[in-house]
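Chemist: Right, I'll just put the structure down here and ask away after.
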Amino acid sequence: MNSIRQVPTRVKSRRTEASLGAEREHFDKQQLSSISKAITSSETPVKEKHARRIILGTHREKGAYTFWSYSLGFPLASSSILSWKFCHVLHKVLRDGHQNVLQDCMRHHGSLVEIGKLWAHLHDKYGQLVVLYTKLLCTKLEFHVKHSEIPPNLEVTDEVLERTAGTDINNVFQLTVEVFDYMDTELRLAETVIRQLNTSIAISTLTSGQCRLSPLIQVIQDCSHLYHFTVKLLFKLHACLPADTLQGHRDRFHDQFRSLKTFFNKARDMMYFKRLIQIPKLPDSPPNFLHAASLAKHVKPVVVIPDEDEPEQQDDDDDDPEPLIEVSDVSTSSIQSQPQPDIFDQTFGPPNGGFDDRDLQIESLKRDLELLRADLERVKAEAQRYITQLKSQINSLEAELEEQRAQKQRALVENEQLRMELEATRRRNAEHEGIQATFIEAEKRSQATEQRYNKLKEKHSELVAGHAELLRKSADTVKMLSATQQTQEEVERTKLQLSFEVDRIKQDADMKLEEQKFEMEKLKRELEEKMAEVMRIKATLQSSEKTSEQVNSSMTALQAEKERLMRSVSEKEAELSSLRQAAQVQQSSLQQERERNSREMGELQGKLQEKASQEEQLKQKLQEEQFALLQGTITEAESIIQDASAKLDDPLHIRCTSSPDYLINRAEATLGSIDKVKKGHADYLSNMGDAGGLLRALTHFSHLAADTIINGSATAHMAPTDHADRLTENCRDFSAQSLQYLKELKSKTTLQRADPAAIRVIVQKILHLGQELRPKGMDVRQDELGDLVDKEMASTSAAIEEAVRRIDEMMNQARKDTSGVKLEVNERILNSCTDLMKAIRLLVISSTDLQKEIVEGGRGAASIKEFYVRNSRWTEGLISAAKAVGWGATEMVESADKVVLHTGKYEELIVCSHEIAASTAQLVAASKVKADRNSKKLSVLQQASRHVNEMAANVVASTKTGQEHLEDKETMDFSGMSLIKLRKEEMESQVKVLELENQLGNERLRLGELRKKHYNLAGVAPEQASEGNGETSSLVHPVTMSPKSNKPALMKKPALAQKPNILPKTMFK
């Protein structure tokens, strides 16, 4: 057979597109199945596996489009339980789904609001819970859309919370209020659920109680994070705002603290939560936000979900309600350890007359595997407990470190404040020194001004003295002039001499006077300027004195302030030194504590690494044992397939036959097992420590493959040559490909690339050949068989009732229209027909009762339709027999009507009687196949069948008798004929006999061909016995002749083409 690698690229791309489409269709079907099973109207909790598949679906398609597209089709307005479970699943999807789920859910925010408003107006317990739950979900959506940094599962670090709150105190205040509102909706839902339930231990183990309690697991997870957020935000608010402003926040927090603690204590006491979640314990009293050091005592509450995987069911289509937790004391390991019956051993018997040693080894290895799993689970639980303790210690150390950081921050802040005060003091001292320098400079200026004033004063004195001297000179000059005038007369002679000298002196005097006046004016101006300058200097001096006084006073105050500041600085320095010493002591103690914690952490990490190494060794050992189990299973599977392949050439196997239907059933089961093998292979590759799924799948596949090969060979024995050769060759290829695939699984080098795709292709070819060999006419779908049986039995009963009514009408009409011998013949025929119909009616009723008994006794846990589908060939035979009985009754009425009206033949009525007898015999045989031999209803049915045969014989007898009475038999008078005439009549009579014999032969041939065609249309090949689903039966072919089928229908002469009565062949199972 050509390899798949030789397929053209275009075909590969088409197959890839087809596989992608099939994968998408499978994904949609799986999501629809999980959503429909998770969100139901039954009062049971949501199964974890269904919710987990829905969440995985959101991660696969990166959103919640498929979830909402299917969820919107649920009638949420008609069932409060359905709405409650929808809210629960939506809460899970929001917490654990893909990050895009939040945006997809926000698009349907209005739908959630409408659901809450609807149930708010109805008085229903679940309706009240739905109102609160929808309000919680709407609040959750709005909060996380607004604060996109915080995911819906609320698992963020303190740094992310600080970044979300920001540095603006208004944003912190608003975020705190929103967290309070968020917490209120969570607590209100929890309080309402607990108030509706009786909090005793027993109520949490019932499905009705678990249905209400299961969403509280998500509420507990949300509340633990919201409580931590509230504490952090309130401490941050108290560090920035006064305590009186936050009194309302503290009161609201205290109320929520009491409610949350009460809720946690009640939930912790319930048995339902003990195995599903570890609820943290809150402190006895709320944190003291007025004391910043209380933040170090705060420990973040941690919710732990134990890792307990829910066992996956082989049949995922079960809809039976099942609690989320097991409350019985029966150990699941004891149930799993019971050996399951082997399908191959049930069919062929155990090898060597008992259990094989390999089976015992497998069982012992399975028990060892269970013990190793238990040890591994115990080690995992212990490691988880150590991790939880270490996390709590790390949280406490981080809280202490945070407190030390806060104290260090406060010390740094105080140090910075003192440094700023010291800088201010230094600036004031510098200003004081500047003012003092200004004062000294002013004193210097004042001294210089005083010196200039003294100089000006001295110069003024000199000027005054010079002016007085000039005045004295002027007086002397006047005196001299007066003496001159007195002596003028005496000295006239000298007057002329002296006049010139006098004029000259006058001129000189005038000039000097002018000069003196100018000098005087100049001196006056200078004096005035000097006086003005002196006045200004005096004013400046006065202001300087005032300023000096103010400076002196300010200097005094500054000196006092300086002394006070110096004392404060010395005190602060002393306090700072003490704080530094305390910080150093605290830091040294913290360093010692860190070293001690690091040593403990190192020891714990060493223990944890030792545990991890032990776990790794156990895991390695487990993987080796699992691979050894896998190799043993593969060896056993190879022996099974090789044994089945050997049957293809076994001469003793030639006599074994099988039906195409059974081959199709085996091939479809093999295709399903191939999918399970592929899934088990993928699971084993992802987890090499658990090969249980692959072992089960390989065991199932080997038996189904051997069954398919053997039944394919057995079917080929009954098939045409071409189909038989192709089917045998495909069986050989199937065996070779299966052995090759098992060989690849057996080696670690080829384990990764092992692929059963080639096996699937060959099985599909075998399935296609089986469908081609399947008899035609099976146009009824298997899921309609159950309804069709009831419909055919009901229509048969209706046909019989209608036949009885028409016979009564014909009787009344015959009594009106005929009389005498004809009336007597018609009454006898119609009465026998009425009796036959009544007998058939009793037979149908008995067959229906027996059929119900068969279905109830053989269907087990399956439904009635599933029983009919599982026994489809028997069901088709039953339907065919019921149709034949109804049709025979209708035809008999038509024939009787024609006979009474003299438009039909008596032979038609006789043939209809035979047909009815044969159809009822077929119906009895169909009912008898699966009936219990000791059943009372079977004996009643057999008695009714004998009664029908008797009534049919009466109809035939009355018909023949009436025919003899009414037919006019001519007397044969040959007395007037001559020898030649008699010879001629004899020859003509012989010609008619030959013609009639020829016509009879042709009609018998035609009858044989009609019966062959009838068999083909009825779904049974003429050369093959009728079989049903692995059970041999002698009834399925529709019988169209009387129960005495070995005799000819019309004459005692042997029939030329009778219906083949083939003995039932033993079918190979």
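The values are calculated or read from the model by the stated rules, or taken from the named source; none is laboratory data. Values in this document were obtained by computation on a predicted structure and should not be read as measured data. As a convention, Cβ positions derive from the backbone with ideal geometry for all residues, glycine included, and neighbour counts pool all protein chains shown. For accessibility, only protein heavy atoms count, side chains too; no ligands or nucleic acids. Shrake-Rupley method; radii C 1.70, N 1.55, O 1.52, S 1.80 Å.
Chemist: Using the structure shown, list the pairs from Lys47/Lys274; Lys37/Lys679; Lys822/Lys905; Lys125/Lys261; Lys29/Lys140 with a Cα-Cα distance above 19 Å, or answer none.
Modeler: Lys37/Lys679; Lys125/Lys261; Lys29/Lys140, as the Cα separations exceed 19 Å there.
Chemist: Follow-up question, since we're still on this one. Based on the Cα gyration tensor of segment 644-691, what are the three equivalent ellipsoid semi-axes, each the root of five times an eigenvalue, rounded to whole Å and given largest first?
Modeler: Square roots of five times the eigenvalues give 34, 15, 5 Å.
Chemist: Kindly state, to the nearest 0.05, the FRET efficiency for Thr388 paired with Leu685, given R0 = 25 Å and r defined as their beta-carbon distance.
Modeler: It comes out at approximately 0.20.
Chemist: Using per-residue counts of other Cβ atoms within 10 Å, averaged over each peptide, order 797-803, 685-691 from highest down.
Modeler: In decreasing order of mean packing, 797-803, 685-691 become 797-803, 685-691.
Chemist: Find how much the distance from Asn265 to Ala406 grows on full extension, using 0.36 nm per residue of separation minus their present alpha carbon separation; answer in nm with one decimal.
Modeler: Here the segment from Asn265 to Ala406 would lengthen by 47.5 nm.
Chemist: Normalized C-alpha radius of gyration of segment 372-485, against 2.2 N^0.38 Å?
Modeler: So segment 372-485 has a normalised radius of gyration of 3.64.
Chemist: Between Ser553 and Leu604, 0.36 nm times their residue separation minus their Cα-Cα distance comes to what?
Modeler: 11.1 nm
Chemist: Now for a separate question. What does the accessible area per residue of segment 568-631 come to in Å², with a 1.4 Å probe and no ligands, DNA or RNA counted?
Modeler: Per residue, segment 568-631 has an accessible area of 72 Å².
Chemist: Sticking with this structure for a sec: Provide the per-residue ³J(HN,Hα) series for segment 371-380, in order, calculated from phi with Karplus coefficients 6.51, -1.76, 1.60 and θ = phi - 60°, each as a whole number of Hz, with x at glycine and proline positions.
Modeler: Coupling constants for segment 371-380: 4, 5, 5, 4, 4, 5, 4, 5, 5, 4 Hz.
Chemist: Within segment 370-456, what whole-number % of the accessible surface is contributed by carbon and sulfur, with the 1.4 Å probe and all protein chains included in the calculation?
Modeler: C and S fraction of accessible area: 52 percent.
Chemist: Would you work out what percent of the accessible area of segment 72-128, with all protein chains in place, is carbon or sulfur (probe 1.4 Å)?
Modeler: Roughly 54 percent of what the probe reaches on segment 72-128 is carbon or sulfur.
Chemist: Using a 1.4 Å probe over the heavy atoms of the protein chains, calculate the carbon and sulfur portion of the accessible area of segment 709-778 as a whole percent.
Modeler: 50
Chemist: Determine the gain in length on full extension of the stretch His108-Asp181; use 0.36 nm per residue of separation and subtract their C-alpha separation, reporting nm with one decimal.
Modeler: Computed gain between His108 and Asp181 is 24.1 nm.
Chemist: Grab the beta carbon distance between Ser570 and Gln436, set R0 = 22 Å, and tell me the FRET efficiency rounded to 0.05.
Modeler: 0.40
Chemist: Can you list the equivalent-ellipsoid semi-axes of segment 141-216, largest first and in whole Å, using the square root of 5 times each Cα gyration tensor eigenvalue?
Modeler: Taking √(5λ) for each Cα gyration eigenvalue gives 35, 13, 10 Å.
Chemist: Could you pull out every residue, at least 5 positions away or on a different chain, whose amide H is within less than 5 Å of the one on Val304? Hs are placed 1.01 Å off N in the peptide plane, and Pro or chain starts have none.
Modeler: Counting only residues 5 or more places away or on other chains, the set is Gln278.
Chemist: Working only with C-alpha atoms, what are the Rg and Dmax values of segment 611-689, expressed in angstrom?
Modeler: 19.1, 63
Chemist: Can you tally the net charge around Val193? Count Lys and Arg as +1, Asp and Glu as -1, for every other residue whose Cβ sits under 13 Å from the Cβ of Val193.
Modeler: +3
Chemist: For a label point 7 angstrom out from the Cα of Asn170 toward its Cβ, which stretches of segment 230-253 have the backbone nitrogen within less than 19 Å?
Modeler: Label zone hits: 237-238, 240-242, 245-246.
Chemist: Under 10 Å from the Cβ of Ala719, count the other residues' Cβ atoms, weight Lys and Arg +1, Asp and Glu -1, and hand me the total.
Modeler: -2
Chemist: A follow-up question, please. Hey, which lysines would be in cross-link range of Lys146, C-alpha to C-alpha under 23 Å, not counting anything within fewer than 8 residues on its own chain?
Modeler: Hits, sequence-local ones excluded: Lys62, Lys92, Lys135, Lys232, Lys236.
Chemist: Using label points projected 7 Å from each Cα along Cα→Cβ, tell me how many nm separate Thr477 and Ser939, to one decimal.
Modeler: Roughly 19.3 nm, to one decimal.
Chemist: Excluding ligands, DNA and RNA, what is the solvent-accessible area per residue of segment 227-303 at a probe of 1.4 Å, expressed in Å²?
Modeler: Ligands and nucleic acids excluded, the result is 49 Å² per residue.
Chemist: DSSP loop (so not H, G, I, E, B), at most 10 other Cβ within 10 Å: list which trypsin sites (Lys or Arg not before Pro) in segment 914-965 pass both filters.
Modeler: Sites meeting the loop and neighbour criteria: Arg933.
Chemist: Now a separate question. Could you calculate the FRET efficiency of Ala539 with Arg504 from 1/(1 + (r/R0)^6), where r is the beta carbon distance between them and R0 is 56 Å, rounded to 0.05?
Modeler: The pair Ala539/Arg504 has a calculated efficiency of 0.65.
Chemist: Sticking with this structure for a sec: What is the sum of charges around Leu234, taking Lys and Arg as +1, Asp and Glu as -1, for the other residues whose C-beta is under 12 Å from the C-beta of Leu234?
Modeler: Result for the local shell: +3.
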